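S.K.: Here it is: the structure, laid out below.
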Amino acid sequence: MQQFWRFSVSWGVETIPEDLIIKTTARFMTPFIQLFGAYIILHGHITPGGGFPGGALIGASMILLAVVFGLSEGKKRISHDTSIVLESLAVFYIFIGFAGILAGSLFLSNRAAGFSLGNPGSLVSAGMIPALNIIIGLKVASTGKTLFYSLASREVEE
Amino acid sequence: MIWILDLLLLLYLVVCAVGVMRTDDLLSAVILFSSYSMVMAIVWQQLNAPDIAITEAAVGAGITSMLFVAAISRTSRWER
């Protein structure tokens, strides 16, 4: 019980209990988690998954970095301004949606506008769905990361 | 015979839910809820919904439990 209180009180600030096993495992696993998230995002139109689960995986890897190495180290990797820019990229979702209108059909329409629905096994084959998946993935990753960082940080803005 | 596995998983879900409800230690409740999400992902896979299974494993067991732990670290560990 006391251990948890020391851990929690000093969590957002600087001092985190040194643990070689946790640090080494996190350092080893983080690239693979992010690679798996990118795989799920990029293959969202031909395999199970999509933008949301892949983005949640990438955001979870950033949360793992913040939990193990401290919030300041995580903020050093990806600052708040960078995640603001990443979240603002979601505007391009609307612009890509207009491609359906330009092709002579409704907003965000894929098959009715003449784009293909995707062939099993070929990656670049589904019209604008991969682009929409990539945008959703970036948005969800930065949103999950920002949620945890602003909830766990000790800075009080009044 | 796969229904035995399904039955065990569903029983584990019920036990986990009751445990989350009855414990006073909120950190234990978060860990129990995380394992609930992992088993729920396997149940989704048994229901032929791999998309939902991936989402449940990533969001339910990854992000939500860490948000709960952050919330506990800002408030108190024990339920009053």
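The values are calculated or read from the model by the stated rules, or taken from the named source; none is laboratory data. Keep in mind it's a predicted model, so treat the numbers as computed, not measured. Heads up, the Cβs are rebuilt from the backbone with ideal geometry, glycines too, and the neighbour counts pull from every protein chain shown.
S.K.: Within region B:48-58, track down each residue that is of a type outside the set (Asp, Glu) and either in contact (Cβ under 8 Å) with a residue 24 or more places away in the chain or buried (at least 20 other Cβ atoms within 10 Å of the Cβ) (or both).
M.R.: The initial filter retains those residues of region B:48-58 that are of a type outside the set (Asp, Glu), namely B:48-50, B:52-55, B:57-58.
Answer for region B:48-58, where residues must be of a type outside the set (Asp, Glu) and either in contact (Cβ under 8 Å) with a residue 24 or more places away in the chain or buried (at least 20 other Cβ atoms within 10 Å of the Cβ) (or both): B:53, B:54, B:55, B:57, B:58.
S.K.: To continue, here is another question. Could you say which residue among A:138, A:108, A:102 is modelled with pLDDT of 75 or more and on the phi > 0 side of the Ramachandran plot? Outline the logic, then answer.
M.R.: Working: A:138 fails: on the phi > 0 side of the Ramachandran plot; A:102 fails: on the phi > 0 side of the Ramachandran plot.
Just a single option satisfies the conditions, and that option is A:108.
S.K.: Within region B:32-46, does at least one residue satisfy the condition of being under 22 Å from residue A:150 (Cα atoms), among the β-branched types (Val, Ile, Thr), part of a helix (DSSP H, G or I) and within 12 Å of the chain's Cα centre (by Cα)?
M.R.: no
Conditions tested, residue by residue: (1) acidic (Asp, Glu); (2) within 18 Å of residue A:68 (Cα to Cα); (3) touching a Phe, Trp or Tyr at 6+ places or on another chain (Cβ under 8 Å); (4) at the interface with chain A (Cβ under 9 Å from one of its Cβ atoms).
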{"position": "B:36", "(1), (2), (3), (4)": "no, no, no, no"}
{"position": "B:40", "(1), (2), (3), (4)": "no, no, no, no"}
{"position": "B:43", "(1), (2), (3), (4)": "no, no, no, no"}
{"position": "B:46", "(1), (2), (3), (4)": "no, no, no, no"}
{"position": "B:51", "(1), (2), (3), (4)": "yes, no, no, yes"}
{"position": "B:62", "(1), (2), (3), (4)": "no, yes, no, yes"}
{"position": "B:73", "(1), (2), (3), (4)": "no, yes, yes, yes"}
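S.K.: Follow-up question, since we're still on this one. With the checklist (1) within 29 Å of residue A:66 (Cβ to Cβ); (2) within 14 Å of another protein chain (Cβ to nearest Cβ); (3) surrounded by 13 or more Cβ atoms within 10 Å (Cβ to Cβ) in hand, flag the one item residue B:24 doesn't pass.
M.R.: (3)
S.K.: Considering only region A:34-47, state which residues are at pLDDT 85 or above and at the interface with chain B (Cβ under 9 Å from one of its Cβ atoms).
M.R.: The answer is A:37, A:40.
S.K.: Quick check on region A:60-88: of everything there that is of a type in the set (S, T, N, Q) and under 16 Å from the mean Cα position of the chain (by Cα), which residue is farthest from residue A:21 (Cα to Cα)? Please lay out each step first, then the result.
M.R.: So in region A:60-88, the residues of a type in the set (S, T, N, Q) come out as A:61, A:72, A:79, A:82-83, A:88.
Next, only the ones that are under 16 Å from the mean Cα position of the chain (by Cα) stay: A:61, A:79, A:82-83, A:88.
Details: A:61: 17, A:79: 27, A:82: 30, A:83: 30, A:88: 37 Å.
Taking the candidates together, the pick is A:88.
S.K.: It is to be established whether one or more residues within region A:84-106 are in contact (Cβ under 8 Å) with a residue 12 or more places away in the chain and either among the polar types (S, T, N, Q) or in contact with a Cys (Cβ under 9 Å, 6 or more places away or on another chain) (or both).
M.R.: no
S.K.: Within region A:89-117, can you find the residues that are surrounded by 12 or more Cβ atoms within 10 Å (Cβ to Cβ) and under 24 Å from the mean Cα position of the chain (by Cα)?
M.R.: Within region A:89-117, A:89, A:90, A:92, A:93, A:96, A:97, A:108 qualify.
S.K.: Same structure again: From the list A:54, A:74, which one is more than 26 Å from residue B:49 (Cβ to Cβ) and surrounded by 21 or more Cβ atoms within 10 Å (Cβ to Cβ)?
M.R.: Details: A:54 fails: more than 26 Å from residue B:49 (Cβ to Cβ).
Result: A:74 is the single residue among A:54, A:74 that is more than 26 Å from residue B:49 (Cβ to Cβ) and surrounded by 21 or more Cβ atoms within 10 Å (Cβ to Cβ).
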